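Have a look at the structure below, then the notes.
The values are calculated or read from the model by the stated rules, or taken from the named source; none is laboratory data. Computed from a prediction, not measured in an experiment: that's the story for all the values here. We place every Cβ from the backbone using ideal geometry, glycine too, and count neighbours over all the protein chains shown.
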Number of protein chains: 2
Amino acid sequence: MKILLTAITALSFTIGSVPARAQQNLDLGPAMVRMAELEIDPAQLDAYKAILAEEQAASVRLEPGVLMLHSFAIAEDPTRVRLLEVYASKNAYESHIRSPHFLKYKTSTEKMVRSLRLIDAAPIILCAKSSGSPSGTAICLSPDK
Amino acid sequence: MKILLTAITALSFTIGSVPARAQQNLDLGPAMVRMAELEIDPAQLDAYKAILAEEQAASVRLEPGVLMLHSFAIAEDPTRVRLLEVYASKNAYESHIRSPHFLKYKTSTEKMVRSLRLIDAAPIILCAKSSGSPSGTAICLSPDK
């Protein structure tokens, strides 16, 4: 993949269609954006994080409608976990919560999660490097692009 | 760009290096992840969001070390804005806050922001579709990959 991307970058420079500092603006369409605030049992935190990470990766890999799943802990209290979830549509979310990997996560972490608060969000703009690394192209998703 | 990406996808399938449900796992290295919680003057909310969106797009487009800047409002109170910020390193962040586009944002929104809380975060895993759309490859960044 790395080789392919390098080739593409070279090609882009050659034909001039993608400048070195390109940006793609995409329409978020009917995307569903949500934040989750969780509190995890400290004794089970490592196990929880491993199960969560596996579930996130499987969801973004296997489900076309799961666009982003980002998780992090609050540095000063790592038992407080936050998620930013972006689904292509409400339907994509409904399909996600019926997926085998989500159901496995839900069942296996049931006794690890002390509290869960789901917060509906209205996206302003979501910008990231396409490749996840400094050489990537900027891709910005917003409700009005 | 779209044509190029289509060509790449076709090529990938042909040579078999990137299966349709591929996932790339990348090391976050010394990345700095942070959340910002802001409260915005309701009378200036639209202006604030426009300036913020412009600054985010410029930062991810122009600065190699700005990996992600995602912003959204809490649906039930859109004056409460949240940001998830991912920088490749502390140095990348230091460079970011000295950039012309960040300084312009900071100056022009000074009287729009009623409160600002910065929260250091410990990333668990950040997974997203590479292209920002359902057909993208899953890219997951984590501290131990």
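List of remarks:
- Members of the stretch B:73-117 found to be within 16 Å of the chain's Cα centre (by Cα), surrounded by fewer than 17 Cβ atoms within 10 Å (Cβ to Cβ) and within 22 Å of A:Ala36 (Cα to Cα), listed by number: none
- Tally of residues being among the hydrophobic types (A, V, I, L, M, F, W, C) and either part of a loop (DSSP other than H, G, I, E, B) or not assigned by TED's automatic domain parsing to the domain that holds B:Val86 (or both) across the stretch B:109-118: 1
- Any hit, the stretch A:9-29, residues being at pLDDT 95 or above, outside any loop (DSSP other than H, G, I, E, B) and more than 8 Å from every other protein chain (Cβ to nearest Cβ): no
- Enumeration of residues in the stretch B:126-139 that are in contact with a Leu (Cβ under 7 Å, 6 or more places away or on another chain) and part of a strand (DSSP E or B): B:Leu126, B:Cys127, B:Ala128, B:Lys129, B:Ile139
- Which listed residue, of B:Val86, B:Val113, B:Val66, B:Val60, is within 24 Å of A:Asp144 (Cβ to Cβ) and in contact with a His (Cβ under 7 Å, 6 or more places away or on another chain): B:Val66
- Residue satisfying condition, being in contact (Cβ under 8 Å) with a residue 40 or more places away in the chain, in contact with a helix residue (DSSP H, G or I) (Cβ under 9 Å, 6 or more places away or on another chain), under 20 Å from B:Ser133 (Cα atoms) and facing another protein chain (nearest Cβ under 7 Å), within set A:Leu126, A:Leu84, A:Leu141: A:Leu126
- One residue stands out among those in the stretch B:30-68 that are among the acidic types (Asp, Glu) and assigned to a loop (DSSP other than H, G, I, E, B): the one that is nearest to B:Phe102 (Cα to Cα), which is B:Glu63.
- Restricting the stretch A:38-76 to residues that are within 11 Å of chain B (Cβ to nearest Cβ) and acidic (Asp, Glu) leaves a set whose member that is nearest to A:Tyr87 (Cα to Cα) is A:Glu63.
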